[in-house]
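Read the structure below first, then the notes.
The values are calculated or read from the model by the stated rules, or taken from the named source; none is laboratory data. All values derive from a computational prediction rather than experimental measurement. Note that we place each Cβ from the backbone using ideal geometry, even for glycine, and neighbour counts take in every protein chain shown.
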Amino acid sequence: MNDIENYLSSNPSDDIAKDLLNIIPHFEGIYNSTNRTFKELHGSFLFDGKQYKYLISEIERQKLLYQIAKKNNSCLEIGTNIGHSSLIMLIANPNISITTIDIEPQLSKLATDYLKKNFPNSKINLINASSPEILKKINNKFDFFLIDGDHTHFAVFREFKQILKMSKDTKVIRVLFDDLDMVPIMKKSMKILKINDFKEANCPGGYSSYYEINTEKKIINSMRFIVFNFYNTIFNSFSYFKHFLKIILGEKKKIALKEILKNLKLIKN
């Protein structure tokens, strides 16, 4: 009996968990497709990044992503990793269209090739690139967005500003952030915006938060968004200043300088 079956023995009416049982063979299938390798310490909705073992402790995050994918037909995902988020979406909606972005070309391709083969009714488009740059070149519109890439304030804020223009629904944008609690200023500033719906799942391995944000023109042009942009831009500037001080003081010079240049777009990742 696997962990989900044990969970169901105590929660027999949980229909989503019953469907999530279908994850287990594909969880193993992805691992085999990547020659039983994964990027260490890069966990997912399904495992902790230390040992390749399915974690029932993350089931509330899994169920949240499942519920969102079930109701939508297309997703832009930032942070493919080993394909586990896409797998959950495909279990929920085998016909979903997923455009997924990851800067790492090897494991992400092997994982998405496996998913394409095993979910032939879906449409999966993997883009190996840095998200802030490639987002400007994507012309498609999407039903919802999963931001789970570079968990820094620089990256999340830039990605969020880009996807505001990419929602199919002109009145609302649906975004699932994974580990937004790692970006406390961004998380706090989300309260400034007009939120139509909010859901969260806090598990031992991570925190996922789902927002439906009003993006009607009168809202986008309102003081809410002006304050939101100002708040986050000031914090970004403050972060650059802190990095600058590290250089001046001689603390981690090379790492700090590289981070500044990367975020000023003077060098590539």
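Please pick out the residue among ILE192, ILE124, ILE173 that is among the β-branched types (Val, Ile, Thr) and within 19 Å of LEU46 (Cβ to Cβ). First the steps, then the outcome.
On the way: ILE192 fails: within 19 Å of LEU46 (Cβ to Cβ); ILE173 fails: within 19 Å of LEU46 (Cβ to Cβ).
The match here is ILE124.
What's the total number of residues in region 104-137 that are in contact (Cβ under 8 Å) with a residue 40 or more places away in the chain, crowded, with 19+ Cβ neighbours inside 10 Å and assigned to a loop (DSSP other than H, G, I, E, B)?
0
I'm checking my understanding of the structure. Among residues of region 138-159 that are in contact with a strand residue (DSSP E or B) (Cβ under 7 Å, 6 or more places away or on another chain) and in a helix (DSSP H, G or I), which one is modelled with the highest pLDDT?
So the residue we want is GLU159.
Kindly provide the set of residues from region 139-168 that are surrounded by 18 or more Cβ atoms within 10 Å (Cβ to Cβ) and aliphatic (A, V, I, L, M), ordered by number.
Residues satisfying the conditions are LEU146, ILE147, ALA155, VAL156, ILE163.
ILE101: at negative phi, in a loop (DSSP other than H, G, I, E, B) and touching a residue at least 40 places away in the same chain (Cβ under 8 Å), yes or no? Show your work before the answer.
Numbers: at negative phi: yes; in a loop (DSSP other than H, G, I, E, B): no; touching a residue at least 40 places away in the same chain (Cβ under 8 Å): yes.
For ILE101, the condition - at negative phi, in a loop (DSSP other than H, G, I, E, B) and touching a residue at least 40 places away in the same chain (Cβ under 8 Å) - is not met.
Conditions: (1) closer than 28 Å to MET190 by Cβ; (2) among the β-branched types (Val, Ile, Thr); (3) at pLDDT below 85. ILE226 meets all but one. Number of the miss?
(3)
Being more than 15 Å from LEU107 (Cβ to Cβ), without any contact (Cβ under 8 Å) to a residue 12 or more places away in the chain and among the charged types (D, E, K, R) is the filter here, so list the residues in region 17-76 that pass it. Give the derivation first.
Looking only at region 17-76, we keep the residues that are more than 15 Å from LEU107 (Cβ to Cβ), and these are 17-26, 28, 45, 48, 50-51, 53-76.
This time we only want the ones that are without any contact (Cβ under 8 Å) to a residue 12 or more places away in the chain, so: 18, 25, 28, 50-51, 53, 71.
Scanning region 17-76 gives LYS18, GLU28, LYS50, LYS53, LYS71.
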